[in-house]
Amino acid sequence: MTFTLTLSGADLLLLLPEMLLTVWLCVVLTMDFAMPRLPKDRLAYLSVAGLAGVLANLVWFDLAGIGGTLFAHMFVVDRLAVFFKIFIVGTTILVILASVDYVRRFRFFKGEYYFLVLMSALGMMFMASANDLLSVFITLEFSTFGFYVLVAYLRDDVASNEAGLKFFILGVFAAGLLAYGISLVYGETGKLVFSDIASPSATPGLVIGFLLIFAALGFKIGAVPFHSWIPDTYHGAPTPVTAFLSIAPKGAAFAILIRMFFVSLAAFKPAWVLLLVGASILSMTYGNIVAIAQRNIKRLLAYSGIAQIGNILIGLAAGTKMGGDAILFYLLTYLFANLGAFAIVIAVGNLIRSDEIEDYNGLNRRSPFLAFAMLVFLLSLAGVPPLAGFIGKLYIFLAAIDEGLYTLIAVGLINIVISMYYYLVVVKKMYINEPTDPSPLTISPPMKVVVYAGLAGTLFLGIYPQPAINWVVAATLMFSNLAGPAAAAPTLVLPIGG
Amino acid sequence: MLYTLIPLLPLAAFLILGLFGHWIKDRAHLVAVPAVLTSFLFSLFVFDEVAGGKNVTIPLYTWLTSGDLRIELSLYFDRLTAVMLLLVTIVSGLVHVYTIGYMHGERGYARFFAYIALFTFSMLMLVMADNFLQLFVFWEAVGLCSYLLIGHWYERQTARDAATKAFIVNRVGDFGFLLGVLLIWLSFGSLEYRHVFAQAADLTGETLNLLSPIGGTWEVSTLTLICLLLFLGAVGKSAQVPLHVWLPDAMEGPTPISALIHAATMVTAGVFMVARMAPLYNLSAAAMDVVAVTGTVTMVLGATIALTQHDIKRVVAWSTVSQLGFMMMACGLGAYVAGIFHLLTHGAFKALLFLGCGSVIIALHHEQDMRKMGGLKDKLPVTYWTFVIGSLALAGFPFTAGFFSKDEILVEAWSAGALGKTLATFALVTVVLTAFYSFRLVFVTFWGESRVDPQHAGHLHEPSRTMTVPLVILAFLSIVAGYAAIPDFLAPVLPGPRGLAIHHEHPAAGGMMAIAAVLGLVGIAAAYLVYVTSPGLPDRLARQWQRAYRLSFNKWYVDEAYDRAVVRPTVRLADRLWTWVDVAVIDGAVNGVARTIAWWGWLMRLVQSGQTQHYALGMTLGAVVILTVYLLL
């Protein structure tokens, strides 16, 4: 295989967002070193400014429809990639804003924190563009390195160190599975690019290879049975990192999963539907049931996250264009609701130094705004109309109904009922129980921005989802050829709002 | 357009008051009163057009189409509709005006006007219905308004109970009504009046085996069954025995409501319905006999109970029950024209009596017990004189409206065969009772010594002009309505089972008129004798006829019987179901599932050991299981 690398100016344009971010994170790191007396908050706002520039660049790509491939198809820019990059950059901006207060708790390397977050974001942006198995491996590891450090960032905190170490060991283990899987697939087909792999026959080596790759990606998204790192890591990590970890890498991993299943494995759909249905059912059920027993809000959200991933896998199991749309839309709703919920956890944690659910007793008396926002986020996660989560679940279930996955939907509906319980337990504690310490709580301006953004997104997507639906439908146009009745009807008209 | 506006104006008033009542508050009448009065003017116009003999159907829109079923919402106007429109809009308009004074300063002022506007709309739609479903929908709608208005003072427990009772008892009747409508759909394949009436004769021979589900045989004429089921609805709505129990309790509502809904309009809907369905009833002699006998029993029962009640409004309410029975008897004997005639005159004088009661009640600061009244005729002259006119009309005093309509029914009844003669005899007895209790009311309330609470006795005065003007207008109508040639006007649209109605040419007419007038006078004289000349007499009579007195005073123990036979067993059954089925089985199952899931949650939590090697093992095992499944399948 010859490898020629010729880059023209037009090719470089495709890399513009990544290059901008690379330059910018170097600027942030340099400023941190060069100006030791600069308040670290400034670095946060500087990072956000840079990310805003990248976001503007991506929006331009999306509107102008700029696309193409680079490096012998290793790197692709299409509307799907741009969607996920916007998702990742948006998440990163909100996470950085939510970190400003928390970073004051760190005793060392406050400035490097922002640098590492930006690095991880850069890695995930590359993941969204990964178009062959090699770039999948490289970008996945690239983005995860930043997280290994971030999870263990609380150096004095045993839980944080333990979380970082566990994440690292299991992550390396998953990377091993991934590398092994890639080597098997390459050995069987001699190809690496997703669109080339589409093999006519399923040899055992190919099956094992893809299953191992799925296991590694399953680790990344935290699907059962590859979820075991999630609770401990989420619990021990600094809360903003947990928030980041629970959203952005999931989006990036789904970008790869969608490409792998919808492009490379489209021909074997009957074979992998069972795999995804199984993973989805296990994730939803396990996540929701174990969440009931949690006493720590971060662990609760960790298990709830596992269950939410199970919901998103429903869309993947549908394996149609509409399933793809639904995944993208669901991720958007999940971004706003989950990040919003974590923002409340961060804010409350900063103020009362506790993440125990008991300490949310009477939150409504102490801060009606925080309690109300948390209520909205939890109800959206539970899928209560007219909030975003309801439309997301509806969309994904509709996609599955079109494919006749009735068992999966039945399990999903039962799980919604179970999840309602633990979400409402938190609501009950906030609204009905008496607070032990009735002193009022106030939150800082950057935190308010994050909570307002979460509320706005959750309400907007729930009440007027049509613009977002149009966007995700456009982002997955390349899958219009996929079988299924949904492909014939590219737009979903929801009964609400749209 | 004009036709459509008649119901739409009150609806618009309701919507405005319902949505903006919060801001409109004390100015609510400025919205509702003009709307209803304009409806009245339009009704006059419609009356004039329809009087020429033409029937008008105005389709509004197709409500729903499902297979063969096609329901149009349309307005139907014939002479019967026209007179009902006038009755509803006149009484409603006067009650609207009266309410301005009666409800002045009440908290729910705008809400009250909103509901009576809604009621007026529903009642107008009911009388204008041209198909059974529309009839049923607005039949329910007036029931809902009645419920809302009886419970207007919802902070009172008694008002809430009365509202609930009215609703539930009516539901019993409406259940039958709905079954009747369904049976019509099954038998005729249409719900439109004109189709049903046109095909009704073809159905005469057909029967239905009621016991077929359990293998028995009980053939019943389909038409009779339809008529009886529809009549069940009328029994509920028009407070006929045995579903009459809600009407007296409904007096917990504000008095204008008693006048409008529970005397003049809604409760007469049952009578109106039977008359409207005359083409069906005429084909089923059995159903008509049931209607006639039920009406007669109600008439006698109501009159006997009215004799002994102390609450001024309840006397009038029981009188309403009795008079509704009288009208129902007329319809059952085929005298639809006479029944509707009496319905109209009764609407005028009974509304007058209720509004008069309201005037007394307001003057006495919400005192309703007759024993704490007396001697009011000098203090409340307008109320007194109008009340006397209303009572005379009710008693059938010669040359009042009630005299003519009552006489019409008696003559027709007498000429309707053996059953008719028997029932007419009961009716004559009732005439005496009616005259007696209505003048008992007059004498005890307005004559004799004042027994008024001294606290209020000093400043007794006539209520405001908005309340007295409607009284005077209604008193005027209570006299002149009898001279309108309503029977001749209605006769063409309401043919009886024996062809067109017969009227005064009947040989018995003159004699019956004289007998009824004399019996009415006898009743009045007896009341004078008992309550004016010898004040100790009522108590002595009550002691002497203790058993009869108690029976009447306790309303024949019907409420108690229902309580024992229906209410308590239901409550006990509900209680059992709650403790055994709900708490033990359903809650047990639900909580059991919840506990099981929580238990699994705790168990699976143990898997999260915190040991990294366990986690890695778990992942490996997971991968191995998946691989095995895929490679072996």
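The values are calculated or read from the model by the stated rules, or taken from the named source; none is laboratory data. All of these numbers come straight from a predicted model, not from anything done at the bench. Cβ coordinates were reconstructed from backbone atoms using ideal geometry, including for glycine residues, and neighbour counts include every protein chain displayed.
Based on what the data block shows, is A:F194 out of contact with any His (no Cβ under 8 Å at 6 or more places or on another chain) and within 14 Å of another protein chain (Cβ to nearest Cβ)? Please lay out each step first, then the result.
Details: out of contact with any His (no Cβ under 8 Å at 6 or more places or on another chain): yes; within 14 Å of another protein chain (Cβ to nearest Cβ): no.
Spelling it out, it is not the case that A:F194 is out of contact with any His (no Cβ under 8 Å at 6 or more places or on another chain) and within 14 Å of another protein chain (Cβ to nearest Cβ).
Across segment A:109-144, the qualifying residues are those that are over 21 Å from A:M74 (Cα atoms) and hydrophobic (A, V, I, L, M, F, W, C), and the one among them that is modelled with the lowest pLDDT is A:F109.
The single condition from (1) away from chain B (no Cβ under 14 Å); (2) over 23 Å from A:G171 (Cα atoms); (3) not aliphatic (A, V, I, L, M) that A:T285 fails is (1). The sole residue among A:I401, A:I432, A:I469, A:I443 that is at pLDDT 85 or above and in contact with a helix residue (DSSP H, G or I) (Cβ under 6 Å, 6 or more places away or on another chain) is A:I443. Of the set (1) under 30 Å from B:G496 (Cα atoms); (2) crowded, with 24+ Cβ neighbours inside 10 Å, all apply to B:F354 but (1).
Screening B:L301, B:L355, B:L307, B:L343 for residues that are closer than 12 Å to B:G390 by Cβ and in contact (Cβ under 8 Å) with a residue 40 or more places away in the chain leaves exactly one candidate, B:L355. Checking the structure you have, find out if any residue of segment B:594-616 is in a helix (DSSP H, G or I), more than 30 Å from A:L178 (Cβ to Cβ) and more than 14 Å from chain A (Cβ to nearest Cβ). Looking through segment B:594-616, none of the residues is in a helix (DSSP H, G or I), more than 30 Å from A:L178 (Cβ to Cβ) and more than 14 Å from chain A (Cβ to nearest Cβ). Here the condition is being crowded, with 24+ Cβ neighbours inside 10 Å and not small (G, A, S); of A:F194, A:F244, it holds for A:F244 alone.
Out of the residues in segment A:214-241 that are more than 11 Å from chain B (Cβ to nearest Cβ) and hydrophobic (A, V, I, L, M, F, W, C), which is surrounded by the fewest Cβ atoms within 10 Å (Cβ to Cβ)? Selected residue: A:L217.
When segment A:394-407 is filtered for residues that are part of a helix (DSSP H, G or I) and either small (G, A, S) or surrounded by fewer than 24 Cβ atoms within 10 Å (Cβ to Cβ) (or both), the ones remaining, listed by number, are A:L394, A:F397, A:L398, A:A399, A:A400, A:I401, A:D402, A:Y406, A:T407.
If I filter segment B:508-531 for residues that are surrounded by 15 or more Cβ atoms within 10 Å (Cβ to Cβ) and not assigned by TED's automatic domain parsing to the domain that holds B:F403, do I get at least one hit? No, segment B:508-531 contains no residue that is surrounded by 15 or more Cβ atoms within 10 Å (Cβ to Cβ) and not assigned by TED's automatic domain parsing to the domain that holds B:F403. Checked against (1) within 19 Å of the chain's Cα centre (by Cα); (2) crowded, with 18+ Cβ neighbours inside 10 Å, A:I138 passes all but a single condition, namely (2).
Among the residues of segment B:574-583, is any exposed (fewer than 12 other Cβ atoms within 10 Å of the Cβ), within 14 Å of chain A (Cβ to nearest Cβ), more than 26 Å from A:F173 (Cβ to Cβ) and basic (K, R)? Scanning segment B:574-583, I find no residue that is exposed (fewer than 12 other Cβ atoms within 10 Å of the Cβ), within 14 Å of chain A (Cβ to nearest Cβ), more than 26 Å from A:F173 (Cβ to Cβ) and basic (K, R), so the answer is no. What about B:T304, is it touching a Ser or Thr at 6+ places or on another chain (Cβ under 6 Å), part of a helix (DSSP H, G or I) and either surrounded by fewer than 24 Cβ atoms within 10 Å (Cβ to Cβ) or of a type in the set (K, R) (or both)? Against the criterion (touching a Ser or Thr at 6+ places or on another chain (Cβ under 6 Å), part of a helix (DSSP H, G or I) and either surrounded by fewer than 24 Cβ atoms within 10 Å (Cβ to Cβ) or of a type in the set (K, R) (or both)), B:T304 qualifies.
Close contacts from segment A:17-43, counting a first residue that is more than 22 Å from A:V77 (Cβ to Cβ) and a second that is surrounded by 13 or more Cβ atoms within 10 Å (Cβ to Cβ) and hydroxyl-bearing (S, T, Y), with Cβ to Cβ under 6 Å and a gap of 6+ residues or different chains, come to A:V28/A:S47; A:V28/A:Y114; A:L43/A:Y114.
Which one of these is free of Cβ contacts under 8 Å to residues at least 60 places away in the same chain and not assigned by TED's automatic domain parsing to the domain that holds B:H365: B:L5, B:L75?
Values: B:L75 fails: free of Cβ contacts under 8 Å to residues at least 60 places away in the same chain.
Result of the check over B:L5, B:L75: B:L5.
Please give the number of the condition A:S201 fails out of (1) free of Cβ contacts under 8 Å to residues at least 40 places away in the same chain; (2) in a helix (DSSP H, G or I). If we test A:S201 against (1) free of Cβ contacts under 8 Å to residues at least 40 places away in the same chain; (2) in a helix (DSSP H, G or I), just (2) comes out false. Among the candidates A:V89, A:V77, A:V48, A:V54, the residue that is surrounded by 18 or more Cβ atoms within 10 Å (Cβ to Cβ) and closer than 27 Å to A:D196 by Cβ is uniquely A:V77.
Is it fair to say A:G278 is of a type outside the set (V, I, T), more than 9 Å from chain B (Cβ to nearest Cβ) and at negative phi? Even if it seems obvious, please write down each step before you answer.
Working: of a type outside the set (V, I, T): yes; more than 9 Å from chain B (Cβ to nearest Cβ): no; at negative phi: yes.
When the stated conditions are applied, A:G278 does not pass them.
Counting only residues that are of a type in the set (G, A, S) and closer than 26 Å to B:V532 by Cβ, which one in segment B:419-472 is surrounded by the most Cβ atoms within 10 Å (Cβ to Cβ)? The selected residue is B:S438. Search segment B:312-335 for residues being touching a Gly at 6+ places or on another chain (Cβ under 6 Å) and not aliphatic (A, V, I, L, M), and hand back the single one that is farthest from B:V83 (Cα to Cα). Among those that are touching a Gly at 6+ places or on another chain (Cβ under 6 Å) and not aliphatic (A, V, I, L, M), it is B:W318. Can you find a residue that is out of contact with any Lys or Arg (no Cβ under 9 Å at 6 or more places or on another chain), in the same structural domain as B:M370 (by TED's automatic domain parsing), touching a residue at least 12 places away in the same chain (Cβ under 8 Å) and aliphatic (A, V, I, L, M) anywhere in segment B:445-465? The answer is no; no qualifying residue exists.
Residues being over 30 Å from B:A418 (Cβ atoms) and in contact with a Leu (Cβ under 7 Å, 6 or more places away or on another chain): count how many of those fall in segment B:313-336. Break it down stepwise before answering.
Just the residues of segment B:313-336 that are over 30 Å from B:A418 (Cβ atoms), to begin with: B:313-317.
Retained after the next criterion (residues that are in contact with a Leu (Cβ under 7 Å, 6 or more places away or on another chain)): B:315-317.
Of the residues in that region, 3 qualify.
Name the one entry in A:T139, A:T144 that is in contact with a strand residue (DSSP E or B) (Cβ under 7 Å, 6 or more places away or on another chain) and in a helix (DSSP H, G or I). Spell out how you get there, then give the answer.
Values: A:T144 fails: in contact with a strand residue (DSSP E or B) (Cβ under 7 Å, 6 or more places away or on another chain).
Just a single option satisfies the conditions, and that option is A:T139.
Based on this model, can you work out whether A:R37 counts as assigned to a helix (DSSP H, G or I), closer than 27 Å to A:R155 by Cα, out of contact with any helix residue (DSSP H, G or I) (no Cβ under 7 Å at 6 or more places or on another chain) and among the basic types (K, R)? Criteria not met by A:R37. Is at least one residue of segment A:172-191 among the polar types (S, T, N, Q) and more than 14 Å from chain B (Cβ to nearest Cβ)? Yes, there is a match, as at least one residue in segment A:172-191 is among the polar types (S, T, N, Q) and more than 14 Å from chain B (Cβ to nearest Cβ).
Listed residues A:L257, A:L206, A:L274; which is assigned to a helix (DSSP H, G or I) and within 16 Å of the chain's Cα centre (by Cα)?
Values: A:L206 fails: within 16 Å of the chain's Cα centre (by Cα); A:L274 fails: within 16 Å of the chain's Cα centre (by Cα).
Sole residue among the options that is assigned to a helix (DSSP H, G or I) and within 16 Å of the chain's Cα centre (by Cα): A:L257.
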